[in-house]
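Before any comments, here is the structure.
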Amino acid sequence: MPVVRSVELGSDGAHADKGWEERVISEEELERIAEKDPDLSPSAARGILARLNVRARYYIAEDIKAKRVLRVPYDFHKFKHWTPMPGNLPELAQLPKSVLIVKSIPFLGWYEKGLLVGDTEVCIGKSRGSTKAGVYRIDTKMAEAVSLKYNNAYGEPAPMPWAMRIYEHVWVHAGDVSSGYCSHGCINLPIMPAMALFNWADTNTVVLILDSLETIRKFFKSNGSNCLLFPDTCRKSRVSRR
């Protein structure tokens, strides 16, 4: 089922409707929330905080214990099905499947004929330009890939589970999401969304990387002749020229 977009962020990820504030939250508060709504267990609430703070759940647990300031919803109920991603993109209606990555949030959503069917917080390149905006496609899928450029903490090739290459040395894969900008250029996803996306996506699935949602209409307009994005339009154009 499509993800419900119940609370919106601004194009830069800011709280456009004041849906959250920055403050410390305790496990006791999460327990009180769960008492009022069984669907909002402490684990579910930490999941909401993870998405809102673009940080893996285990880091959120550490942050709560250390009394670090986090983005906290005024009302957790409104964030049960929250996503910053557009729920419907008519420009993608020609594509059976497509993936959209927005660098400024940063978040990833996957779409079927322009309708959002899944999403997740992600980590992208920590240096400017290391994850390049553009239109790509998945050209390789490897469930158990390892990096040929970077090592893990033990000096071994860094694992890249559920990996899908989109250009050069940039892959979408499961990885540690310590913040929204923590990779060398790859797009890192939490393990469960990475598995779901890997199993859903096909080789040749189109992947769009945008700098921000604010630029999305301009992006589609400037890529109006891109046959990866608009295959039906390109086919009709070729036929009319014959």
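What to note about this one:
- Residue tally, condition charged (D, E, K, R) and buried (at least 21 other Cβ atoms within 10 Å of the Cβ), over segment 118-140: 2
- For segment 100-136, a residue qualifies if it is within 15 Å of the chain's Cα centre (by Cα) and within 16 Å of Arg217 (Cα to Cα), and the qualifying residues are Leu100, Ile101, Val102, Lys103, Ser104, Ala133.
- Per-region count, segment 108-135, residues touching a helix residue (DSSP H, G or I) at 6+ places or on another chain (Cβ under 8 Å) and either of a type in the set (Phe, Trp, Tyr) or modelled with pLDDT under 85 (or both): 2
- Of the strands (runs of 3 or more DSSP E) that lie entirely inside segment 33-135, those containing 1 or more residues that are in contact with a strand residue (DSSP E or B) (Cβ under 8 Å, 6 or more places away or on another chain) and among the basic types (Lys, Arg) span 70-73.
- 1 or more residues of a type in the set (Gly, Ala, Ser) and closer than 27 Å to Asn226 by Cα: qualifying strands (runs of 3 or more DSSP E) within segment 156-208: 157-167
- Subset tally (residues that are in a loop (DSSP other than H, G, I, E, B) and among the hydrophobic types (A, V, I, L, M, F, W, C)) for segment 209-229: 3
- Tally of residues being at pLDDT 90 or above and either of a type in the set (A, V, I, L, M, F, W, C) or out of contact with any helix residue (DSSP H, G or I) (no Cβ under 9 Å at 6 or more places or on another chain) (or both) across segment 136-163: 9
- Inter-residue pairs, beta-carbon under 8 Å, first outside the structural domain of Met195 (by TED's automatic domain parsing) and in segment 104-120, second buried (at least 21 other Cβ atoms within 10 Å of the Cβ) and among the charged types (D, E, K, R), 6+ apart: none
- In segment 20-33, the residues that are of a type in the set (Ser, Thr, Tyr) form Cβ pairs under 8 Å with partners that are surrounded by 12 or more Cβ atoms within 10 Å (Cβ to Cβ) and modelled with pLDDT of 95 or more, at six or more places apart or across chains, as follows: Ser26/Ile64.
- Taking the criterion of being more than 13 Å from the chain's Cα centre (by Cα) and in contact (Cβ under 8 Å) with a residue 24 or more places away in the chain, the residues of segment 86-97 that qualify are Gly87, Asn88, Leu89, Pro90, Glu91, Leu92, Gln94, Leu95, Lys97.
- Considering residues of segment 226-236 that are within 15 Å of Val206 (Cα to Cα) and surrounded by fewer than 15 Cβ atoms within 10 Å (Cβ to Cβ) only, the residue farthest from the chain's Cα centre (by Cα): Asp232
The values are calculated or read from the model by the stated rules, or taken from the named source; none is laboratory data. Keep in mind that this is a model prediction, so the values were computed, not measured. So basically every Cβ, Gly included, is an ideal-geometry build from the backbone, and we count neighbours across all protein chains shown.
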